[in-house]
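The values are calculated or read from the model by the stated rules, or taken from the named source; none is laboratory data. Since this is a predicted model, take the numbers as computed values, not measurements. Protein only, heavy atoms only, side chains kept; ligands, DNA and RNA dropped before computing areas. Shrake-Rupley method; radii C 1.70, N 1.55, O 1.52, S 1.80 Å.
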Amino acid sequence: MKKALINLLYLLYKTADRAYWSYLYNEYKKKYDVHPEFLFNGRNIKLMGEGKITLGAHSYIGDNSTFSVNEKSAISIGKKCLMSHNIKMYANTYVADQDFSNYPLLEKE
């Protein structure tokens, strides 16, 4: 009986936990430019600030990650970007000086 009660409580906890994160991620989709095929792949992923956050199709980010943008700043994640857990990005300037899209790939020596 005790084990069944513990299992039931655990199931209720997991259901509530999933519902909470699903609700929060849907709120992010309303506030920021999140493609419908972007995946919040885990828990405790935070998007915050009054700037612009763009998250592309077929991309995802893992647990415990944070994107924070100040007003008039932006973070943009393109298509097919697979980002692990514990990613932290903070945009606090007007100059977008971290555009890596035109950098050459490093070749093995």
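Over all directions, how big on average is the projection of the convex hull of the alpha-carbon atoms in the stretch 1-65, in square nanometres?
The number I arrive at for the stretch 1-65 is 5.0 nm².
Need one value: the accessible area of residue 85 in square angstrom, 1.4 angstrom probe, rounded to the nearest 10.
90
How big is the Rg/Rh ratio for the stretch 18-100, C-alpha atoms only, Rh by Kirkwood, two decimals?
Looking at the stretch 18-100, the ratio lands at 0.94.
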